[in-house]
């Protein structure tokens, strides 16, 4: 079974979850991505979010949340994605960059627009009373 190992930034503001959608994709994901050789989780997440949304995560505010796994969206059957999730504060103004077509502030009612792992994370956030 193939495993895609990614890092993700969970950002909830005003009861809405920040999601991003890549060009030519139909679902929203959490911002983040894969580590490059020699990078720590924190370094990789800071770099990925800067590339995708043009903002700088504050390294001192990064806090591990938990790891989620689910079938990978748009990948061959049997491919799983493992999302190691962090929260963090940021500096700058959010704007789509790199492969990101758009970002959106999603509510739990937007689950149908999310990738499977993002839905699982949204459900967990709702259970924790962090997402209405």
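Read-outs throughout are calculated quantities, based only on the coordinates presented, and are distinct from any laboratory measurement. This structure is a prediction, so every number in the text was calculated from the model and none was measured. Cβ sites come from the backbone with ideal geometry, for glycine too, and all protein chains shown count toward neighbours.
How many residues, within the range 88-132, are part of a strand (DSSP E or B) and either free of Cβ contacts under 8 Å to residues at least 12 places away in the same chain or out of contact with any helix residue (DSSP H, G or I) (no Cβ under 6 Å at 6 or more places or on another chain) (or both)? First the steps, then the outcome.
Residues of the range 88-132 that are part of a strand (DSSP E or B), as a first pass: 90-91, 100-106, 114.
Still in the running and either free of Cβ contacts under 8 Å to residues at least 12 places away in the same chain or out of contact with any helix residue (DSSP H, G or I) (no Cβ under 6 Å at 6 or more places or on another chain) (or both): 90-91, 101-106, 114.
Number of matching residues: 9.
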Q. If you go through the range 22-36 one residue at a time, do you hit one that is touching a residue at least 12 places away in the same chain (Cβ under 8 Å), closer than 12 Å to residue 87 by Cα and more than 8 Å from the chain's Cα centre (by Cα)?
A. no
Q.
Is it the case, given these coordinates, that residue 81 is within 14 Å of the chain's Cα centre (by Cα), surrounded by 16 or more Cβ atoms within 10 Å (Cβ to Cβ) and assigned to a strand (DSSP E or B)?
A. yes
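Only one of these is surrounded by fewer than 23 Cβ atoms within 10 Å (Cβ to Cβ), more than 16 Å from residue 70 (Cα to Cα) and in contact with a helix residue (DSSP H, G or I) (Cβ under 7 Å, 6 or more places away or on another chain): 42, 16, 21. Name it.
Numbers: 16 fails: in contact with a helix residue (DSSP H, G or I) (Cβ under 7 Å, 6 or more places away or on another chain); 21 fails: in contact with a helix residue (DSSP H, G or I) (Cβ under 7 Å, 6 or more places away or on another chain).
Of 42, 16, 21, the one residue that is surrounded by fewer than 23 Cβ atoms within 10 Å (Cβ to Cβ), more than 16 Å from residue 70 (Cα to Cα) and in contact with a helix residue (DSSP H, G or I) (Cβ under 7 Å, 6 or more places away or on another chain) is 42.
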Q) Got a sec? Which of 58, 35, 66 is touching a strand residue (DSSP E or B) at 6+ places or on another chain (Cβ under 8 Å), surrounded by 16 or more Cβ atoms within 10 Å (Cβ to Cβ) and more than 15 Å from residue 116 (Cα to Cα)? A) 35
